[in-house]
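The values are calculated or read from the model by the stated rules, or taken from the named source; none is laboratory data. Because the structure is predicted, anything quoted here is derived from the model rather than measured. Cβ coordinates were reconstructed from backbone atoms using ideal geometry, including for glycine residues, and neighbour counts include every protein chain displayed.
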Amino acid sequence: MRPLLTTLALAVTLAACADLGPGDDDLRREIAANRAIWEALRPPIYVYEVERLCFCGETGRGPVRVRVASGQVQARVYTSDGAPVSTELQPYFPGVEGLFDVLEDAVGQGAHQIQVTWDPETGIPLDFWIDYEANVADEEQGYRVVAAPHPPACSGAGGWTNRSRAARRRRTSSPRPVTMPRSRSA
């Protein structure tokens with residue numbers, strides 16, 4: 001009887017440590033579907049502004065204006081003063097494609113919690129927050145798109161415009177945030 005109770009207790013403990021939110025496969029599909037929308041609409045040259053959400057210094061947060069041509073980041077400058085982003089901080093301010101990569105990497109690392117708000121029209125992750133470890137403080141990070149991608153010096157080519165934050169909020173008032181709370185076994 002004792003081995004049966006021990007086995008039952010172990011099974012209950014392991015079940016409690018299982019994934020509590022949508023599975024990794026669900027989030028991977030969500031990322032892939034939104035990436036496909038973005039890739040179908042992405043202009044060959046675009047500019048957008050992104051802010052990194054982290055427990056780091058001001059230069060590591062931005063916001064930063066990012067210019068991308070043919071899928072490659074061409075320039076990164078701080079929106080506050082136009083100063084270029086230092087070489088060591090450049091990887092923290094990717095093109096939109098890089099935002100998808102950050103999310104995919106977090107899923108691959110088994111992050112404890114991932115929250116994403118998608119733009120339903122463009123597939124862009126408008127903001128997201130990743131908590132990599134449940135019991136570790138200040139390792140969380142995320143990103144927020146401050147100004148939507150648009151072709152430089154263009155107001156409406158291909159349906160893209162430089163929308164204000166208020167317009168994006170109205171347009172994304174019903175996004176589907178994805179939250180993946182997860183517990184890990186100790």
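So, in region 16-25, exactly how many residues are surrounded by 14 or more Cβ atoms within 10 Å (Cβ to Cβ) and either modelled with pLDDT of 65 or more or charged (D, E, K, R) (or both)? Can you show your working first?
Taking region 16-25 and keeping what is surrounded by 14 or more Cβ atoms within 10 Å (Cβ to Cβ), we get 19, 21-22, 24.
Next, from what is left, pick out any that are either modelled with pLDDT of 65 or more or charged (D, E, K, R) (or both): 19, 24.
Total satisfying the criteria: 2.
Exactly one condition in (1) surrounded by 14 or more Cβ atoms within 10 Å (Cβ to Cβ); (2) more than 27 Å from Tyr132 (Cα to Cα); (3) out of contact with any strand residue (DSSP E or B) (no Cβ under 8 Å at 6 or more places or on another chain) is false for Ser80; which is it?
Of (1) surrounded by 14 or more Cβ atoms within 10 Å (Cβ to Cβ); (2) more than 27 Å from Tyr132 (Cα to Cα); (3) out of contact with any strand residue (DSSP E or B) (no Cβ under 8 Å at 6 or more places or on another chain), only one is false for Ser80: (1).
Which of the residues spanning region 102-120 are out of contact with any Leu (no Cβ under 8 Å at 6 or more places or on another chain) and not hydrophobic (A, V, I, L, M, F, W, C)?
Residues satisfying the conditions are Glu104, Asp105, Gly108, Gln109, Gly110, His112, Gln113, Gln115, Pro120.
Considering only region 80-91, state which residues are β-branched (Val, Ile, Thr) and either under 26 Å from Glu39 (Cβ atoms) or part of a strand (DSSP E or B) (or both). Full working, then the answer.
Of the residues in region 80-91, the ones β-branched (Val, Ile, Thr) are 85, 87.
Val85 - this is the single residue of region 80-91 that is β-branched (Val, Ile, Thr) and either under 26 Å from Glu39 (Cβ atoms) or part of a strand (DSSP E or B) (or both).
Out of everything in region 92-110 that is in a loop (DSSP other than H, G, I, E, B) and in contact with a helix residue (DSSP H, G or I) (Cβ under 9 Å, 6 or more places away or on another chain), what residue ends up being nearest to Ala40 (Cα to Cα)?
From region 92-110, those in a loop (DSSP other than H, G, I, E, B) are 93-95, 109-110; that's our starting set.
Applying the additional criterion that residues be in contact with a helix residue (DSSP H, G or I) (Cβ under 9 Å, 6 or more places away or on another chain) yields 94, 110.
On the way: Pro94: 19, Gly110: 29 Å.
It comes out as Pro94.
Farther than 19 Å from Ala36 by Cα, crowded, with 22+ Cβ neighbours inside 10 Å, at pLDDT 90 or above and not polar (S, T, N, Q): which single residue out of Ile114, Ile124 fits that description?
Result: Ile114 is the single residue among Ile114, Ile124 that is farther than 19 Å from Ala36 by Cα, crowded, with 22+ Cβ neighbours inside 10 Å, at pLDDT 90 or above and not polar (S, T, N, Q).
Pairs only if they're at least six apart or on different chains, beta carbon under 6 angstrom, first in region 124-144 and closer than 17 Å to Gly62 by Cα, second surrounded by 13 or more Cβ atoms within 10 Å (Cβ to Cβ) and of a type in the set (Gly, Ala, Ser); list them, first residue then second.
Taking only residues 6 or more apart or on different chains, the pairs are Phe128/Gly142; Trp129/Gly142.
Name the residue, out of Gly108, Gly62, that is in contact with a Lys or Arg (Cβ under 7 Å, 6 or more places away or on another chain) and not β-branched (Val, Ile, Thr).
Answer to the selection: Gly62.
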